[in-house]
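Note sheet for the following structure.
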Amino acid sequence: MAIGVLSITTTTTWESSQRDQAGHRVGADLRISPVLDQGEVGGLGAGRVYARLPGVRAVSPAFRDSVAIGAGSAQLLALDADRLAEVMNLREDLSATPLADLASALKAGRPSLGSVPIPGTPSVLSLPLRTQAPAPLDAAILLTDADGVRWRLGLTDRGAGDERHLVADLASPAGRAGKIAYPLALRGFSFGETGAPVVLGALTADQAEVPLPADVVWTGFEQSSLQGAAGVGEGRAKEVQAGEGALFGLDAIPARGKAVVLALPPDTPPERVFGGTVDGRATLPQPLPVVITDELAAQEKLSAGTKLFLPFDATTSHLVVAAVVDSLPGTEVGEPAVLVDLPTIADRDVLTVNAPPRVTEWWAATADGDPSAATAVLAAHPGWSARVLDRQTVFTELRDDPLAGGLQGALLVGFAAAVIFAGLGFAVNRRRRRPRTLGRTGDCCTRSG
C-alpha cells in the first residue's frame, strides 16, 4: 500500500510543480502582446479592451527588451509597480522580500513631474501654432492615460500662416475596436529642430479649452546631437516664455537639436529633474532602483543595496539594487534579468529627450486564476492581439509533454499495481483466516457434545 500512497503523493506533487512552472513562465495568469501598429485594437486602446475581458480583475502594461548591463546583457522587464502585486506570479520561495515591498522600492525612483488633467473623453486635441518655421513642424504631445501609460503622439501640422494648428488624432492609434483609458493628462511636448521660435496657444480637447492648474510650471530642456559621432552633447535648460492667450513660447531649436517642455511642480529647479551627459550618454541625478536575479548578481558581483554607475539602455544611469531574487516571473529560469518600474523608465526617457518605451505586453490577473474565458474571447477576435500566453494552456502543454506523460503513466501503473497487490494480499489473508475460524467453532461444538 505504501507504493500506492507514494504514487499518489508524487503525482500530486508533480502536477503542483507543473502549475508553478506554468505560472512562472507566463508571469501572470494571462500575458497578451498587443498589435503594435494601428489595427482593430491599437496600442492606445488596448488596455481597456483587455481589462474588460471576462474574468479579468487587474491588468498592467509591460515592456520587455534585452539590455546591456555591465559586461554582459540581461532581459529587461518593466511593469507598473502600482499593479505589480496584483498581476505578477512571484512564488515565495523565489524571493526573501515580499512582492508588495519590491513594488514600493521600485517606484521610489519615480521623478516628480506635474500634469494637466484633460476633462472628458476627447478624440482630438488641438493647439494654435504661431511660428515662421517651415511646415511640417517636428512636434509631439506627451500624455498619460488612466492605466498609467506614457504616450508620445506625433502632432500633425495643419493650415498655413496665422491659421496653423497642431493636431493629435486619438482615434487612429486607439484602433477601430479600441477603448482609450480615460481620463488623460497632458505631461508636455517634445520638439525636433525648428529653426525659428515657436508659440503654442491654449490646448483644446474636442474644441473645449483645457483649463490650466495653478500648480504646474512649463519647464524646457534642450539636448544636442554630436555632429559625425554617436551619442549626445551637453544638455541645457531651455527658456520657456509665458504669454497672454498662449500656452507657452520657446526660442528656436537649432540643427541636430531636440527639446522637451514639461509640466513641473512650482519652484522645481531644472537640475533636480534633468541631467547631464557622461560619455555621450544622457544621465539623470536620481538613481534608478532595480530588482535583479541572482544569476545577474553573480555575473556582475552585485548585492542588495549596491550602487553603481554604468550604461543602461539609452542612458548612463545611477542604479541601486533594491533586491535580489532567485528568478523573475516571465523569464527563463537561470536567465540574467532586471525588473524596473515602467512609469519610472518612461519618465526618465522623456527627461533625457527620448520617446518613452512602447508597451509590448499586458499582464492580467483573473478572479479565480483561470484565464480560459478571457483567452476564448481573444481567440474569437484575432485582431485584438498579436500573441496570447496563459498559464492554463502552458500547464496543459507541460502536463501533456511526452516525458512528463511517461513519468506520470509509470506512477499510475505503480498505483494500479499497488491496488492489485493490496487486493490480492487482502484476499489471501481472508482465505487463510477462514479455516481457522471454522476449526475453532467445530472444536467448541465437539466439546459441548
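The values are calculated or read from the model by the stated rules, or taken from the named source; none is laboratory data. Nothing here was measured: the structure is a model prediction, and the numbers come from that model. We place every Cβ from the backbone using ideal geometry, glycine too, and count neighbours over all the protein chains shown.
Just one of (1) among the hydrophobic types (A, V, I, L, M, F, W, C); (2) touching a residue at least 40 places away in the same chain (Cβ under 8 Å); (3) surrounded by fewer than 16 Cβ atoms within 10 Å (Cβ to Cβ) fails for Ala135. It is (2). Looking at Ser60, Ser66, just one residue is surrounded by 21 or more Cβ atoms within 10 Å (Cβ to Cβ), among the polar types (S, T, N, Q) and either at pLDDT 95 or above or not in a helix (DSSP H, G or I) (or both), and that residue is Ser60.
The condition of being outside the structural domain of Gly45 (by TED's automatic domain parsing) and surrounded by fewer than 15 Cβ atoms within 10 Å (Cβ to Cβ) holds for only one of Arg164, Arg152, Arg176, that being Arg176. I'd like the full set of residues that are among the small types (Gly, Ala, Ser) and either under 16 Å from Leu44 (Cβ atoms) or out of contact with any Lys or Arg (no Cβ under 7 Å at 6 or more places or on another chain) (or both), limited to region 100-134. Passing the criteria: Ala100, Ala103, Ser104, Ala105, Ala108, Gly109, Ser112, Gly114, Gly120, Ser123, Ser126, Ala133.
Just one of (1) crowded, with 23+ Cβ neighbours inside 10 Å; (2) modelled with pLDDT under 95; (3) under 30 Å from Ser104 (Cβ atoms) fails for Ala364. It is (2).
Looking for something part of a loop (DSSP other than H, G, I, E, B) and touching a helix residue (DSSP H, G or I) at 6+ places or on another chain (Cβ under 6 Å) - is there at least one such residue anywhere in region 158-177? Checked region 158-177: at least one residue is part of a loop (DSSP other than H, G, I, E, B) and touching a helix residue (DSSP H, G or I) at 6+ places or on another chain (Cβ under 6 Å). From the residues in region 228-246 that are outside any strand (DSSP E or B) and either within 35 Å of the chain's Cα centre (by Cα) or closer than 19 Å to Leu351 by Cα (or both), which one is modelled with the highest pLDDT? Filtering region 228-246 for residues that are outside any strand (DSSP E or B) and either within 35 Å of the chain's Cα centre (by Cα) or closer than 19 Å to Leu351 by Cα (or both), the one modelled with the highest pLDDT comes out as Glu239. Candidates Ala181, Ala214: the one that is assigned to a loop (DSSP other than H, G, I, E, B) and modelled with pLDDT of 95 or more is Ala181.
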